[in-house]
Amino acid sequence: FIGEAKSVARLSHQNVVAVFDQGDDGPFLYLAMEYVPGRTLKGLLRDSGRFAPATALEIMAGVLDGLAAAHASGIVHRDVKPENVLVTADGRIKVADFGLARALSAAGHTRSGLLIGTVGYVPPEQVTGGPTGPTGDVYSAGVMLSELLTGRLPFTGDTPLSIAYQHVNQDVPPPSALAPGIPPA
C-alpha cells in the first residue's frame, strides 16, 4: 500500500485526482487526496441513460489523458470504470481511486485465482492470469466507452464467472449493435 501510495502521490496531472500525502498513524494507513466537487461518471450515466457519441468521446479524452499520464509514470490503474471517474460541475474529468494500482514493474504477475478489478470491465489477460499492464486499462476504458454510448455493459450474465468468460472468449460487440441510432463508425 505504502509503495503504491507513494507512486500515485508523485503523479501530477489535470485529469487525475491528486494525492497530497500518505503515511501511517500507528496501525492506520492513510491517503490525503484532493477534494473533487462533482459527481461520478456512473451517477451521470445513471441519470442520462447514455451519452451522445460526441459527449462520450469528450469524456473519454479526459480519462485517456489521465491514464496516459499514469502509465508514463509507471502506474497501471487496474480498475477503470465509471465509478472511478469524477466529473466536476464545470465538466472537468478526473480519474480517481488508484487503490488497485500497481507499479508497472510489479504488474506483470497476478496471483493465481485472484481477479483484481470489476468483472464488467476486466481485461481478458487479467482473467487468464496473464501479464497485466497499460493495455488492460485501455481495454477497460473501451468497455467504459461502450457503456457510455449504449447505457449498458457489453457483457452480462448470471455470475461474475460467466461475465469474465465472455471477456476472454468473445469480442466486445460494437455499440451500434447494442443501441439504436449509434453510427457504426
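Structure above, values below:
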{"item": "Neighbours by Cβ (under 9 Å, 6+ apart or cross-chain): first from the range 82-99, within 25 Å of residue 120 (Cβ to Cβ); second of a type in the set (A, V, I, L, M) and open to solvent by 60 Å² or more (accessible area, probe 1.4 Å)", "result": "96/33; 99/31"}
{"item": "Residue, farthest from residue 76 (Cα to Cα), within the range 140-185, restricted to residues that are among the small types (Gly, Ala, Ser) and in a loop (DSSP other than H, G, I, E, B)", "result": "181"}
{"item": "Members of the range 154-171 that are touching a Pro at 6+ places or on another chain (Cβ under 7 Å) and open to solvent by less than 30 Å² (accessible area, probe 1.4 Å)", "result": "154, 167"}
{"item": "Residues within the range 142-153 that are farther than 13 Å from residue 118 by Cβ and open to solvent by less than 10 Å² (accessible area, probe 1.4 Å), tallied", "result": "2"}
{"item": "Helices (runs of 4 or more DSSP H) (entirely within the range 1-80) containing at least 2 residues that are buried (at least 17 other Cβ atoms within 10 Å of the Cβ) and at pLDDT 95 or above", "result": "41-48, 53-72"}
{"item": "Selection within the range 154-185 - under 17 Å from residue 139 (Cβ atoms), without any contact (Cβ under 8 Å) to a residue 40 or more places away in the chain and not hydrophobic (A, V, I, L, M, F, W, C)", "result": "154, 165, 166, 169, 170, 171, 173, 174, 175"}
{"item": "Only listed residue being open to solvent by less than 70 Å² (accessible area, probe 1.4 Å), closer than 30 Å to residue 54 by Cβ, modelled with pLDDT of 90 or more and not hydrophobic (A, V, I, L, M, F, W, C), chosen from 134, 174", "result": "134"}
{"item": "Considering residues of the range 87-106 that are among the charged types (D, E, K, R) and either touching a His at 6+ places or on another chain (Cβ under 7 Å) or not in a loop (DSSP other than H, G, I, E, B) (or both) only, the residue modelled with the highest pLDDT", "result": "94"}
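The values are calculated or read from the model by the stated rules, or taken from the named source; none is laboratory data. As the structure is a computational prediction, the values presented were derived from the model and not from experiment. Using ideal geometry, Cβ is built from the backbone for each residue, glycine included, and neighbour counts are taken over all protein chains shown. These accessible areas exclude ligands, DNA and RNA; they are computed on the full protein's heavy atoms, side chains included. Shrake-Rupley method; radii C 1.70, N 1.55, O 1.52, S 1.80 Å.
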